[in-house]
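The values are calculated or read from the model by the stated rules, or taken from the named source; none is laboratory data. Bear in mind the structure is a predicted one, so any value in this text is a computation, not a measurement. With ideal geometry, Cβ positions are generated from the backbone for all residues, glycine too; neighbour counts draw on all protein chains shown. Just so you know, the surface numbers come from the protein's heavy atoms only, side chains and all, with ligands and any DNA or RNA stripped out. Shrake-Rupley method; radii C 1.70, N 1.55, O 1.52, S 1.80 Å.
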Amino acid sequence: MLALCATAPALAASEDGPAAAQPARDAKPAAKAPRRPNVVLIVTDDQAVPTLRPDTMPSLFQRVVAGGTRFTNAIVTTPLCCPSRASMLTGQYAHNHHVLRNDYRQLRDKRNTLPKWLQRAGYRTIHVGKFLNLYRKAHGPEAEPAPGWDVWQTIQEPNTYYEYNLSIDGREVHYGSGDRDYLTDVLSRRAARLVRRSAPRKRPFYLQLDHWAPHDSRGRGSGPCGGGADPVPAPVDEGLYAAERLPKPPSFNEEDVSDKPSFIQHQDPVDVETVERNYRCGLASLRAVDRGVEKVYRALEKTGELDDTVVVFTSDNGYLYGEHRLRYKVDPYEEALRVPLVISLPPRLRAGAPRVPESDAPVANIDLAPTILELAGATPCRRGSECLVMDGRSLLPLLRGDPAAWPQDRALAVEYTGRNTGFSSCSYRGIRTLGHLYVEHTLVPNFTTGACEPTVEVEHYDLAADPFQLENLYPADPGTRGAAEQGELANRLAGLRICSGIAGRDPLKPNRPYCE
């Protein structure tokens, strides 16, 4: 591939890519066929639910939240970047798509994913921003687009806010350390330009804008957030939230961790000053993401596409800011599992139902692909082969005010297998319901050898009575209601950890129960 280095200002006129590389227009659809909506999916990286605030993201609240549905009980089934994004692309749990750690190479069928399905259904597919971790090592030339994307404007690893390369449809472009090179702003400008360029076409478009913010990363070496261990805000936002106090829920630097797994018991309390700086920098970095939301909305308005576009906003995982003495994600605590999720559905797609402002139904990232496919009238199928079986459900019944069509007692699997980080489980499988979290850790760090050693350490929390997960109820006394409850959760987990598909929609696989 041709490698091209240039500065951002020199490329400003061509940030939406070369015109010659764009696909040809489709034939005009039949007059009676309803128009399929455009879909815009905006994903942040490591955004904790409490940071979605009207002051940090005013445009998101005015545009998406005010006109859409906010899911207050949304989780990711593996709270780590690559596995979570793989679940968004496949609608599957990690035990089915096989990405259980930050490694794109584990993805089972790289040519049978959401952008491919939408592409075959006639959508113009556009990716802007971060892609799955270690993509470069899996996919040959550094700038080569991933399967299924008509337009590919993707940051090349290592991800940083300055001094990075973008792959622009197979052409590598360098951005430096100037103010206009700030990554979030560059991605937002590109996304808005691609909306304007795609809207006049006859075919609908799918835009996935994957931000790096508010992830920790290298800055420019200056300012309170430029040292390389914090999120980096845009230059105009560097002074924001400098006086913001770090939230300290009852689980912050949890005093008694004797009931927690061994790897938590080994953790020292976090340094408050360090975590508070990280929190402040993360809040400030979200302001640029929010301005990007406004840019995309203005582009949709200018092109007349707003009433025909579904907008989805979420994060790939949450984040712990000192809860249970942790500062990261991965571990199956509420701060890491729960994510912001807001979906704005145009009135014509609500089937005559009023807008649903909020839903507390149990939903997850595995539900995004089924939802988008139903909106697009597409199927999860690859030409000449069997269709991929998704584990998630379409959220349209909830968006259209029909909660009776959704299993309110639905249990979701949570799962992870990775390396010894020293502060997280090496492998766990768990089950989360509206009222309970039950997790079986089967590999934990050995702090002497540095290896992951087999064991069985169990956590069980009553989320209604103990939302901060302070009291591990396992093991309950034999013969008690708690013991019966734990037995039921363990049995339910035994099925969920190998489940595939949804009853009434998908074929039942041999020796594989349906997911819930």
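What to note about this one:
- The orientation-averaged shadow of the Cα convex hull for segment 40-164, equal to a quarter of the hull surface, comes to 9.0 nm².
- For Arg218, nonlocal amide neighbours, meaning residues 5 or more places apart or on other chains whose placed amide H falls under 5 Å from its own, are Tyr161.
- Protection proxy ranking, peptides 117-126, 295-304, average beta carbon neighbours within 10 Å, highest first: 117-126, 295-304
- Cα-based equivalent ellipsoid of the chain: semi-axis lengths in Å, sorted from largest, via gyration tensor: 35, 28, 22
- Amide H contacts for Val444 (H built 1.01 Å from N in the peptide plane; partners 5 or more residues away or on another chain; cut-off under 5 Å): Cys426, Glu453, Thr455.
- Counting only DSSP beta bridges whose two residues both lie in the chain, roughly 60 percent are antiparallel.
- Computed 3J(HN,Hα) for segment 58-68, one whole-Hz value per residue from the Karplus formula 6.51 cos²θ - 1.76 cosθ + 1.60 where θ = phi - 60°, is x, 5, 4, 5, 6, 9, 8, 5, 5, x, x, glycine and proline marked x.
- Calculated over segment 344-489: convex hull of Cα atoms, volume per residue (Å³): 185
- Principal axis extents of the C-alpha atoms in segment 437-516 (largest first, rounded to whole Å): 46, 36, 25.
- When restricted to Cα atoms, segment 99-163 yields an Rg and a Dmax of 12.3, 37 Å, respectively.
- Sequence-distant residues sharing a close amide H with His436 (under 5 Å, placed H): Leu463
- Reducing segment 28-101 and segment 482-507 to their Cα centroids gives an inter-centroid distance of 25 Å.
- Separation of segment 298-353 from segment 137-169 is 24 Å, based on Cα centroids.
- The number of Lys pairs in the chain with C-alpha atoms less than 27 Å apart, excluding pairs fewer than 8 positions apart on the same chain, is 24.
- Burial order of peptide ranges 386-395, 481-490 (average beta-carbon count within 10 Å, highest first): 386-395, 481-490
- Dipole magnitude of segment 28-173 about its Cα centre (Cβ charges: Lys, Arg +1; Asp, Glu -1), debye to nearest 20: 820
- With the highest mean first, a sort of the peptides 43-54, 360-371, 265-276 on other beta-carbon atoms found within 10 angstrom per residue produces 360-371, 43-54, 265-276.
- Ranking by accessible area, most exposed first, for Asp506, Asp55 with a 1.4 Å probe: Asp55, Asp506
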